[in-house]
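S.K.: Structure in structure tokens, see below.
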Amino acid sequence: MTTLLVRPAPIDSESATGYLLRLAEANGYTSLLDLDLLVSNEPRLEDVAGIGALVGTTRLGKLRGAVTGFRNLKMTDPGGLDQHYWNGRRPRYCPACLAANSYWRAQWDITLVTACPIHCVELCDSCSKCNHPLSWKRASLAACDCGASLGDRSVVQAQPGCVAISRYISSSFETTPPDGIPAIQPPLNRLRLADFLAVCVFLGGYAQNDVRKPTKIADLHDVAIAISFAQAAGNALDAWPSGYRTLLRHLVSKDGGQASSNRLAQWFGYFYTALYKRFGDRQFNFLRDEFESHIRDEWPGQLAERNRRFSKSTRTEHKWISLTTAGKTLGVKRSMVCSFIERGMLCGQLHTTATGRTSGTVRRDTLDELCAEKAQWLTLTEAREVLNISRKGAYALLNSGKLRPVSGPTIDGRSIWRFVASEVIQLAS
Ligand SMILES: [Zn+2]
Ligand SMILES: [Zn+2]
């Protein structure tokens, strides 16, 4: 195969497909389809070797991105980023950047890059004059086949979440990030690009889809769809961990029907499993640590000892504990704990399962208060003194339900009646 006559040098982090179009244009070909045909004449050469033969000794190592969508012209990303993160179908770009320097930035070819972090505008993927979707099969790098210049068009301000995601991804392509781009904050700045993209796809997917369905993303090559996805991922990573906490609350609130369950997997669906299985490596500790903090602070379900995924401190310091444990702490039966919840003496929640069994949880701080208060529970004699009534009068109040015991013969089978001091005092006033 003949080496092409004009062989422009690749630019740092130039799109591989963008470079090939620049190469085809410089050599007078009508489109990349011509180069595709040229490579096909050399059946022994595949992948990078085929493209390498076109440019002879010109080094292609600076290029990034996968070349797809052609019969023979194929290349995997020289930087090793998995192909499914690349958008080979529909090119997108920042008009201002392209007008300033006419080459295709590799980061524009990443599906989740939807904004220009320098100009803070949405990337474009169609022609503003003829409205046709942009294609890699066009004749010129900087113009639509209708003749319109791609750099000369109106743009739309990008949403902050999209800019944040694009900024992070772009920063891993630029050796020196342009001025005015704030550094990515910990813990995200410790992630490799592939890991960062995996986190974005995971969080963006759950922010957009039903919690029980595994993440399914279709049509992300369309910039309009990718924008709403990137915005959701950007929101989830915003002001860490605030945006992530909002997402976790959203995962639960979206599915109120499951909220009667006491199990983490039912509250959070596959998210919970994926978090610990797919994101089990060290670099993702921040995701799991923050999930654990969220559970400790906000989850009203009960954390069983069997939740081995959580640290011992989370399990023992969890704000919500089981009815049985609460009963043991108070020295009363489980049914009594339910009654305390119903009477407002404990803050808790009760659910009835399909089999008719009552389950629920109690907030630890209210249990501690009740334990302290329990020492002050009054006997019948003490209650009578507070109320200044006879034994007969006390039994009349008991029978009428005005004086409500918390312990005693008809309550938990104990021989001595006990009453909550504050309730008796209230009755006396
Ligand atoms: Zn730009
Ligand atoms: Zn056009």
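The values are calculated or read from the model by the stated rules, or taken from the named source; none is laboratory data. Owing to the predicted nature of the structure, the values given are computational and were not obtained by experimental measurement. Cβ atoms come from the backbone with ideal geometry, glycine included; neighbour counts cover every protein chain shown. Quick note on the areas: whole protein, heavy atoms, side chains included, nothing else; ligands and nucleic acids left out. Shrake-Rupley method; radii C 1.70, N 1.55, O 1.52, S 1.80 Å.
S.K.: Just for region 103-125: of the residues that are more than 12 Å from S13 (Cβ to Cβ) and among the charged types (D, E, K, R), which one is farthest from ligand 1 (Cβ to nearest atom)?
M.R.: D125
S.K.: To continue, here is another question. Among the residues of region 200-221, is any under 29 Å from K62 (Cβ atoms), open to solvent by less than 20 Å² (accessible area, probe 1.4 Å) and at pLDDT 90 or above?
M.R.: yes
S.K.: So which of S359, S313 is in a strand (DSSP E or B) and either among the polar types (S, T, N, Q) or open to solvent by 70 Å² or more (accessible area, probe 1.4 Å) (or both)? Full working, then the answer.
M.R.: Numbers: S313 fails: in a strand (DSSP E or B).
After ruling out the rest, the residue left standing is S359.
S.K.: Suppose the filter is assigned to a loop (DSSP other than H, G, I, E, B), within 13 Å of ligand 2 (Cβ to nearest atom) and either touching an Asp or Glu at 6+ places or on another chain (Cβ under 8 Å) or over 22 Å from A239 (Cβ atoms) (or both); does S135 pass it? Talk me through it step by step, then tell me what you get.
M.R.: On the way: assigned to a loop (DSSP other than H, G, I, E, B): yes; within 13 Å of ligand 2 (Cβ to nearest atom): yes; either touching an Asp or Glu at 6+ places or on another chain (Cβ under 8 Å) or over 22 Å from A239 (Cβ atoms) (or both): yes.
Yes: the conditions hold for S135.
Let's see how each residue does on (1) under 23 Å from K328 (Cβ atoms); (2) touching a residue at least 40 places away in the same chain (Cβ under 8 Å):
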site	(1), (2)
E373	yes, yes
Q376	yes, yes
L387	no, yes
A394	no, no
S400	no, no
P405	yes, no
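S.K.: A follow-up question, please. For region 408-426, name all the residues that are closer than 15 Å to L346 by Cα and polar (S, T, N, Q).
M.R.: Passing the criteria: only S422.
S.K.: Out of the residues in region 149-171 meeting the condition of being among the small types (G, A, S), in a loop (DSSP other than H, G, I, E, B) and open to solvent by less than 60 Å² (accessible area, probe 1.4 Å), tell me which one is farthest from ligand 2 (Cβ to nearest atom).
M.R.: Kept after step one, since they are among the small types (G, A, S), are these residues of region 149-171: 149, 151, 154, 158, 161, 164, 166, 170-171.
Keeping just the survivors that are in a loop (DSSP other than H, G, I, E, B) gives 151, 154, 158.
This time we only want the ones that are open to solvent by less than 60 Å² (accessible area, probe 1.4 Å), so: 151, 158.
Numbers: G151: 13, A158: 22 Å.
So the residue we want is A158.
S.K.: On the given criteria, is V424 open to solvent by less than 50 Å² (accessible area, probe 1.4 Å) and either under 57 Å from the mean Cα position of the chain (by Cα) or not acidic (D, E) (or both)? Step through it out loud before you land on a result.
M.R.: Working: open to solvent by less than 50 Å² (accessible area, probe 1.4 Å): yes; either under 57 Å from the mean Cα position of the chain (by Cα) or not acidic (D, E) (or both): yes.
So V424 fits the description; yes.
S.K.: Can you name the condition, by its number, that E305 falls short on among (1) at pLDDT 80 or above; (2) not in a helix (DSSP H, G or I)?
M.R.: Single failed check for E305: (1).
S.K.: Suppose we filter region 71-98 for residues that are part of a helix (DSSP H, G or I) and within 16 Å of ligand 2 (Cβ to nearest atom); how many remain? Quick ask: steps written out before the conclusion?
M.R.: Taking region 71-98 as the starting set, the residues that turn out to be part of a helix (DSSP H, G or I) are 83-85, 95-98.
Those left that are additionally within 16 Å of ligand 2 (Cβ to nearest atom): 95, 98.
Of the residues in region 71-98, 2 are part of a helix (DSSP H, G or I) and within 16 Å of ligand 2 (Cβ to nearest atom).
S.K.: State whether one or more residues within region 15-23 are among the small types (G, A, S) and open to solvent by 10 Å² or more (accessible area, probe 1.4 Å).
M.R.: The first filter runs over region 15-23 and keeps only residues among the small types (G, A, S), leaving 15-16, 18.
Checking which are open to solvent by 10 Å² or more (accessible area, probe 1.4 Å) leaves us with none.
No, the conditions are met nowhere in region 15-23.
S.K.: For region 140-149, does any single residue satisfy the condition of being at pLDDT 95 or above and charged (D, E, K, R)?
M.R.: The answer is yes, given that some residue of region 140-149 is at pLDDT 95 or above and charged (D, E, K, R).
S.K.: Which of the residues spanning region 362-371 are under 31 Å from the mean Cα position of the chain (by Cα) and either without any contact (Cβ under 8 Å) to a residue 12 or more places away in the chain or open to solvent by less than 20 Å² (accessible area, probe 1.4 Å) (or both)?
M.R.: Narrowing region 362-371 to residues under 31 Å from the mean Cα position of the chain (by Cα): 362-365.
Of everything in region 362-371, just one residue is under 31 Å from the mean Cα position of the chain (by Cα) and either without any contact (Cβ under 8 Å) to a residue 12 or more places away in the chain or open to solvent by less than 20 Å² (accessible area, probe 1.4 Å) (or both), namely V362.
For every residue, the table says whether it meets (1) open to solvent by 30 Å² or more (accessible area, probe 1.4 Å); (2) assigned by TED's automatic domain parsing to the domain that holds T111; (3) modelled with pLDDT of 75 or more.
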| position | (1), (2), (3) |
| --- | --- |
| S253 | yes, no, no |
| G256 | yes, no, no |
| F284 | no, no, yes |
| H294 | no, no, yes |
| D297 | yes, no, yes |
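S.K.: Can I ask one more? Name the single residue that is nearest to P91 (Cα to Cα) among those in region 114-126 being part of a strand (DSSP E or B) and more than 11 Å from ligand 2 (Cβ to nearest atom).
M.R.: Applying the first criterion (part of a strand (DSSP E or B)) to region 114-126 yields 115-116, 121-122, 124, 126.
After this cut, where a residue has to be more than 11 Å from ligand 2 (Cβ to nearest atom) as well, the list is 115-116, 121-122, 124.
Details: A115: 13, C116: 14, V121: 16, E122: 13, C124: 8 Å.
Selected residue: C124.
S.K.: Shifting gears a bit: Could you give me the residue pairs with C-beta distances under 6 Å whose first residue belongs to region 118-131 and is under 18 Å from S171 (Cβ atoms) and of a type outside the set (G, A, S), whose second residue is open to solvent by 60 Å² or more (accessible area, probe 1.4 Å) and away from ligand 2 (no atom under 12 Å from the Cβ) wherever it lies, and which are 6+ apart or on separate chains?
M.R.: Here the result reads V121/V155, each pair linking region 118-131 to a residue that is open to solvent by 60 Å² or more (accessible area, probe 1.4 Å) and away from ligand 2 (no atom under 12 Å from the Cβ).
This table checks each residue for (1) modelled with pLDDT of 85 or more; (2) among the basic types (K, R); (3) closer than 15 Å to W136 by Cα; (4) not assigned by TED's automatic domain parsing to the domain that holds S228.
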residue	(1), (2), (3), (4)
R44	no, yes, no, yes
T57	no, no, no, yes
T76	yes, no, no, yes
S102	yes, no, no, no
C116	yes, no, no, no
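S.K.: When only residues in region 137-148 that are touching a residue at least 40 places away in the same chain (Cβ under 8 Å) and open to solvent by 20 Å² or more (accessible area, probe 1.4 Å) count, which is nearest to ligand 1 (Cβ to nearest atom)? So that I can check it myself, show each step before the final result.
M.R.: Our first condition is that a residue be touching a residue at least 40 places away in the same chain (Cβ under 8 Å); within region 137-148, this holds for 137-142.
Keeping just the survivors that are open to solvent by 20 Å² or more (accessible area, probe 1.4 Å) gives 137, 139-140, 142.
Values: K137: 24, A139: 23, S140: 19, A142: 14 Å.
Residue satisfying both the conditions and the ranking: A142.
S.K.: Yes or no: S172 of a type in the set (S, T, Y) and at pLDDT 90 or above?
M.R.: On the way: of a type in the set (S, T, Y): yes; at pLDDT 90 or above: no.
Criteria not met by S172.
S.K.: Just the residues that are in contact (Cβ under 8 Å) with a residue 60 or more places away in the chain and open to solvent by 60 Å² or more (accessible area, probe 1.4 Å), please, taken from region 323-353.
M.R.: Matches in region 323-353: K333 only.
S.K.: Just checking, which of K129, K62 is assigned to a loop (DSSP other than H, G, I, E, B) and either hydroxyl-bearing (S, T, Y) or surrounded by fewer than 16 Cβ atoms within 10 Å (Cβ to Cβ) (or both)? I'd like the intermediate steps shown before the answer.
M.R.: Details: K62 fails: either hydroxyl-bearing (S, T, Y) or surrounded by fewer than 16 Cβ atoms within 10 Å (Cβ to Cβ) (or both).
The unique qualifying residue is K129.
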